Amino acid sequence: MKHYPSHIDLRPAMHAQGTVRLPGSKSISNRTLLLAALAQGSTHIFDLLASDDTHVMLMALQKLGVRWEQDGETQNYIVHGVGGVLPVHQADLFMGNAGTAIRPLTAALAVIGGDYTLHGVSRMHERPIGDLVDALNAVGTRIEYTGQPGYPPLHIRRGHIHAQRMQVKGNVSSQFLTALLMAAPLMARDHAVTIDVIGELISKPYIEITLNLMRRFGVTVERHGWQSFTIAPGQKYVSPGSIHVEGDASSASYFLAAGAIAGGPVRVEGVGRDSIQGDVRFVEALQQMGADIAMGDNWIEARSNGVLKAIDADFNHIPDAAMTIAVAALYGDGPSTLRNIGSWRVKETDRIAAMATELRKVGATVEEGADYLRVTPPAEIRAAAIDTYDDHRMAMCFSLASLDGAARRGSTMRINDPKCVAKTFPDYFDAFAGIAQDKLL
């Protein structure tokens with residue numbers, strides 16, 4: 001893994017132009033790893049993301065007795081599925097700060113049964129998991145909290161499952177529903193299982209990723225709007241043989257925003273118009289801000305169309321990529337408002353508070369609400385030392401404030417603790433340096 005110093009100084013860049021090959025999607029990578037492990041047969045996975053979060057999942061699967069091999073130095077793997085029966089019934093699993101790993105794994109282990117403990121870094125022990133645990137324990141699993149109730153660490157024992165109808169809240173994290181959906185076929189051996197969503201379901205595009213990947217592994221889910229999901233009995237995960245991981249659409253947002261801010265064109269490769277990731281809809285927000293966007297089957301390109309316009313929009317469907325808009329708003333022609341982003345508060349850090357604090361450092365006026373952020377751009381962007389809160393997206397977002405836009409110039413950004421980008425994109429700053437240019441071409 002790449003070695004980073006304690007901070008990186010990003011000098012102002014007059015122009016952004018070039019092409020970036022994206023790393024694999026974190027959401028697709030960790031879902032695919034777990035489905036391949038639970039399936040019958042071996043699965044060849046191509047272009048798996050190399051990151052802390054996928055490493056956590058790979059190590060956990062290995063501890064559970066799932067065999068996998070990496071193809072040399074590539075990001076291609078073969079995972080040998082266990083057909084829903086794990087070889088190891090007792091394990092202590094370290095989950096880092098990977099929500100995409102701990103939540104689906106908790107559900108699968110609770111349903112399969114055994115004696116498992118799951119824990120992570122201190123921030124993971126502050127990230128809620130109670131709604132998922134409540135849903136599972138209500139149908140007979142035995143998950144206990146060994147620390148603060150409602151949060152990891154967890155101790156899972158063998159339960160007695162009687163799951164025909166389950167309920168889960170939808171307003172904190174869509175990963176809870178994803179976890180139940182992925183574990184549902186293990187519960188639906190003799191009868192259908194229906195999962196009802198209580199209240200509004202956030203981040204719906206991430207559920208679509210889950211349903212798409214389950215389908216590729218042979219399990220279809222009947223969706224009744226966004227309020228309930230039914231898994232027919234007798235379905236089993238079966239390897240599709242091979243599967244390619246798309247480039248990460250959330251990571252694409254930084255480079256596309258760079259093209260919109262600082263001229264472009266900037267092209268990302270690995271996602272395109274047929275992506276199964278909802279975060280490709282980030283480009284709609286850039287278009288609202290005045291950027292020119294072009295798309296192909298496996299690429300997206302952004303270029304500036306002059307001064308960016310302020311935006312007022314609901315970002316419930318793309319909470320991760322929406323963070324990029326908050327920094328792009330520094331280059332807008334007026335105040336921008338990001339609405340319905342309450343889920344930011346339970347991510348790798350409290351992202352609403354963190355974003356407000358760091359945007360003020362560069363001169364913006366920021367109004368912070370329970371589930372919204374209003375950013376009024378400064379007359380000029382000030383040089384600042386950006387704290388990253390051990391949150392990869394904070395580090396990547398604020399690299400954009402070093403760019404010169406049509407409305408205002410960027411300034412030197414000191415990014416503290418840049419190694420946090422290893423969670424999803426270890427080579428981010430190299431890729432950013434490849435498009436951020438000091439002079440017009």
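The values are calculated or read from the model by the stated rules, or taken from the named source; none is laboratory data. All of these numbers come straight from a predicted model, not from anything done at the bench. Heads up, the Cβs are rebuilt from the backbone with ideal geometry, glycines too, and the neighbour counts pull from every protein chain shown. What goes into the accessible areas is simple: the full protein's heavy atoms, side chains included, and nothing from ligands, DNA or RNA. Shrake-Rupley method; radii C 1.70, N 1.55, O 1.52, S 1.80 Å.
The table below lists the values:
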{"quantity": "Alpha-carbon Rg/Rh ratio, for segment 339-396, with Rh computed the Kirkwood way", "calculated": "0.96"}
{"quantity": "Paramagnetic reach from Phe46 in segment 260-276 [backbone N under 18 Å; point 7 Å along Cα→Cβ]", "calculated": "269-276"}
{"quantity": "Kirkwood estimate for the chain, i.e. one over the average of 1/r between Cα atoms, Å", "calculated": "22.1"}
{"quantity": "Förster radius 30 Å - calculated FRET efficiency between Glu222 and Ala433 (Cβ-Cβ, nearest 0.05)", "calculated": "0.05"}
{"quantity": "Gain upon complete extension [Arg158, Thr365; 0.36 nm per residue less C-alpha separation]", "calculated": "69.3 nm"}
{"quantity": "Counting all C-alpha pairs of segment 302-374, share separated by more than 21 Å (%)", "calculated": "20"}
{"quantity": "Packing-based order for 244-251, 421-428, 71-78, using average beta carbon neighbours within 10 Å, highest first", "calculated": "244-251, 421-428, 71-78"}
{"quantity": "Neighbour net charge for Ile198 - beta-carbon separation under 12 angstrom, K R +1, D E -1", "calculated": "-3"}
{"quantity": "Asn340-Met14 pseudo-label distance in nm [points 7 Å out on the Cα-to-Cβ vector]", "calculated": "4.2"}
{"quantity": "Of all accessible heavy-atom area on segment 48-186, the percent that carbon and sulfur account for (1.4 Å)", "calculated": "49"}
{"quantity": "Two-site label geometry, Gln70 and Ser6: point separation in nm, points 7 Å out along Cα→Cβ", "calculated": "3.0"}
{"quantity": "Net +/- balance of residues flanking Ile300 in space, Cβ distance below 15 Å, scoring K and R +1, D and E -1", "calculated": "-4"}
{"quantity": "Segments 340-348, 47-55, 146-154 sorted - mean Cβ within 10 Å per residue, highest first", "calculated": "47-55, 340-348, 146-154"}
{"quantity": "Order of exposure, largest accessible area first, which applies to Arg165, Arg189, Arg223, Arg123 with probe 1.4 Å", "calculated": "Arg165, Arg189, Arg223, Arg123"}
{"quantity": "Chain lengthening between Asp196 and Ala379 when straightened (0.36 nm per residue, less Cα-Cα)", "calculated": "61.0 nm"}
{"quantity": "Distance cut-off 23 Å, percentage of C-alpha pairs in segment 283-441 lying past it", "calculated": "35"}
{"quantity": "Relative packing of 59-70, 273-284, 83-94, which averages over residues the other C-beta atoms within 10 Å, highest first", "calculated": "273-284, 59-70, 83-94"}
{"quantity": "Residue-averaged [θ]222 nm for the chain, counting only DSSP H segments that reach four residues, each worth -39500 (n - 2.57)", "calculated": "-9000 deg cm²/dmol"}
{"quantity": "Reduced Cα scattering model of segment 116-228, Debye log10 I(q)/I(0), q = 0.11, 0.12, 0.18, 0.21 Å⁻¹", "calculated": "-0.36, -0.43, -0.97, -1.25"}
{"quantity": "Descending Cα extents along the principal axes, segment 179-230, whole Å", "calculated": "30, 22, 17"}
{"quantity": "Hull-based mean projected area of segment 31-168, where the convex hull spans the alpha carbons, in square nanometres", "calculated": "8.0"}
